[in-house]
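Engineer: Shown below is the structure under consideration.
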Amino acid sequence: MKSFRKELWFETRNRREYINITPDIEKALTESGIKEGIALINAMHITSSVFINDDETGLHKDFELWLEKLAPEKPYNQYHHNGFEDNADAHLKRQIMGREVCVAITNGKLDFGPWEQIFYGEFDGKRKKRVLIKIVGE
Ligand code: ZN
């Protein structure tokens, strides 16, 4: 069995952003040479997510509004976590959007359903953060 590991680095300009990382995962898959197996892609931080959904800007605005209703960024002092930090909302948003995705690899391709794309969801950006790609198979 082969095993391949790679990190993707991000430094977003905004506090919250959604980035389609599907091309980066496809590139990593090509680099790995693995044709049959599993790819795990996870955020390595507790205030960002990796998730699968549609690459549609209206939906991404809906995510933003929905997450702000569930866990509004402000006022900062509404959260117990915000003693020395201001990112409690980002921890909560990440929790609901998830830490990782796992995708089957078949014939050297990501075995997606229709419209599935992989996103990095940043909820406390403007600093360096990373995503881990681990691919195993043969
Ligand atoms: Zn925190």
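The values are calculated or read from the model by the stated rules, or taken from the named source; none is laboratory data. A quick note: this is a predicted structure, and the numbers were derived from the prediction, not measured. Glycine gets a Cβ as well: all are built from the backbone with ideal geometry, and neighbour counts include every protein chain shown. For accessibility, only protein heavy atoms count, side chains too; no ligands or nucleic acids. Shrake-Rupley method; radii C 1.70, N 1.55, O 1.52, S 1.80 Å.
Engineer: Hey, any idea what % of region 2-137's accessible area is carbon plus sulfur with a 1.4 Å probe?
Structural biologist: Working: 4090 of 7660 Å².
With neighbouring chains kept in place, the figure for region 2-137 is 53 percent.
Engineer: Pick from Arg94, Arg16, Arg127: which is most flexible by mean-square fluctuation in a GNM of the chain where alpha carbon atoms under 10 Å apart are linked?
Structural biologist: Comparing Arg94, Arg16, Arg127 in the GNM, the peak value goes to Arg127.
Engineer: Turning to a different aspect of this structure: Compute the distance from the alpha-carbon center of region 44-108 to that of region 4-21, in whole Å.
Structural biologist: If you average the Cα positions of each part, the centres end up 13 Å apart.
Engineer: To the nearest 20 debye, what is the magnitude of the charge dipole of the chain about its Cα centre, counting +1 on the Cβ of each Lys and Arg and -1 on the Cβ of each Asp and Glu?
Structural biologist: 460 debye
Engineer: Taking a 1.4 Å probe, which of Ile25, Ile96, Ile46 shows the most accessible area, and what order do the others take after it?
Structural biologist: Ile46, Ile96, Ile25
Engineer: Another question about this same structure. Under 8 Å for C-alpha pairs, at least 6 residues apart: give me the relative contact order for region 2-137, rounded to a whole percent. Mind dumping the intermediate values first?
Structural biologist: Working: 267 pairs, mean separation 75.0, N = 136.
Worked out over region 2-137, it gives 55 percent.
Engineer: Another one. Between Ile46 and Val136, what FRET efficiency follows from the Cβ-Cβ distance if R0 is 22 Å, with the result rounded to 0.05?
Structural biologist: That pair, Ile46 with Val136, gives E of 0.35.
Engineer: Same structure again: Could you order Val136, Val50 by accessible surface area, starting with the largest, using a probe radius of 1.4 Å?
Structural biologist: Of Val136, Val50, the descending order of accessible area is Val136, Val50.
Engineer: How far apart, in nm, are two points set 7 Å out from the Cα along the Cα-to-Cβ line at Leu65 and at Glu7?
Structural biologist: 3.8 nm
Engineer: Right, next: With the crude spin-label approximation of a point 7 Å out along Cα→Cβ, what separation in nm comes out for Asp86 versus Arg99?
Structural biologist: 2.8 nm
Engineer: Over the alpha-carbon set of region 2-137, work out the extent along each principal axis and list the three values in angstrom, largest first.
Structural biologist: 50, 30, 22
Engineer: A follow-up question, please. Test of understanding: what is the full-extension gain from Thr30 to Phe112, defined as 0.36 nm times their sequence separation minus their Cα-Cα distance?
Structural biologist: 27.9 nm
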